[in-house]
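*Asks:* This is the structure I want to talk about, given as structure tokens.
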Amino acid sequence: MDLNNLTLFRMIDTERSYLTERQKVLAENIANAKTPHYLPKDVERPVFQTEVKKTLALQTTDPKHFSVSPRREVVPNRVYVPKVSDPLSIDGNGVIIEDQLNEVSKTKGDYNRMLSIYRSFKTLVKTANTKINA
């Protein structure tokens, strides 16, 4: 059984890809903290992520029925330079190390949560598959 054919595992893979790319961009920001005129970058969250919440929020048309939104396309991660709200340093650098480290920590926590969900559902699917084939 190929787990990548299951919607949940594709969603997890999309999130994992986004979080991996975001860690790379945050590391680049930290590495360029002393580069003149460097502005910090970020990665746009995939459109799919916002659609997941809509898909999982089932809308009932009747107490005995429910419907699910149609499947959405996954959009690749896009790196962009967000608007700088804090003042720049004297050399024009917009990186604030503390903010970047905070974002790295959040991203790591999100990644670990995705791995935990992945492992749990993988075990669940394997267990269900073994019981069906037994």
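*Asks:* Could you tell me whether any residue of segment 110-117 is closer than 24 Å to Lys34 by Cα, modelled with pLDDT of 80 or more and either in contact with a helix residue (DSSP H, G or I) (Cβ under 7 Å, 6 or more places away or on another chain) or surrounded by 13 or more Cβ atoms within 10 Å (Cβ to Cβ) (or both)?
*Replies:* No; the residues of segment 110-117 include none that is closer than 24 Å to Lys34 by Cα, modelled with pLDDT of 80 or more and either in contact with a helix residue (DSSP H, G or I) (Cβ under 7 Å, 6 or more places away or on another chain) or surrounded by 13 or more Cβ atoms within 10 Å (Cβ to Cβ) (or both).
*Asks:* Moving to a separate point now. Can you give me the number of residues within segment 1-51 that are open to solvent by less than 30 Å² (accessible area, probe 1.4 Å), among the hydroxyl-bearing types (Ser, Thr, Tyr) and modelled with pLDDT under 90?
*Replies:* 1
*Asks:* Here is a follow-up. Go through segment 90-133 and give me each residue that's under 23 Å from the mean Cα position of the chain (by Cα) and polar (S, T, N, Q).
*Replies:* Gln100, Asn102, Ser105, Thr107, Asn112, Ser116, Ser120, Thr123
*Asks:* How many of the residues in segment 110-124 are in contact (Cβ under 8 Å) with a residue 24 or more places away in the chain, more than 17 Å from Leu6 (Cβ to Cβ) and charged (D, E, K, R)?
*Replies:* The total comes to 1.
*Asks:* So, in segment 88-103, of the ones that are open to solvent by less than 80 Å² (accessible area, probe 1.4 Å) and among the charged types (D, E, K, R), which residue ends up farthest from Glu21 (Cα to Cα)?
*Replies:* Among those residues, the one meeting the criterion is Asp91.
*Asks:* Oh, and also: Given the options Lys106, Lys126, Lys122, Lys54, name the one that is within 23 Å of Met11 (Cβ to Cβ), open to solvent by 60 Å² or more (accessible area, probe 1.4 Å) and at pLDDT 95 or above.
*Replies:* Sole residue among the options that is within 23 Å of Met11 (Cβ to Cβ), open to solvent by 60 Å² or more (accessible area, probe 1.4 Å) and at pLDDT 95 or above: Lys106.
The values are calculated or read from the model by the stated rules, or taken from the named source; none is laboratory data. This one's a predicted model, so the numbers in the text were calculated from it and none came from an experiment. For neighbour counting, all protein chains shown are included, and Cβ atoms are generated from backbone atoms with ideal geometry for every residue, glycine included. These accessible areas exclude ligands, DNA and RNA; they are computed on the full protein's heavy atoms, side chains included. Shrake-Rupley method; radii C 1.70, N 1.55, O 1.52, S 1.80 Å.
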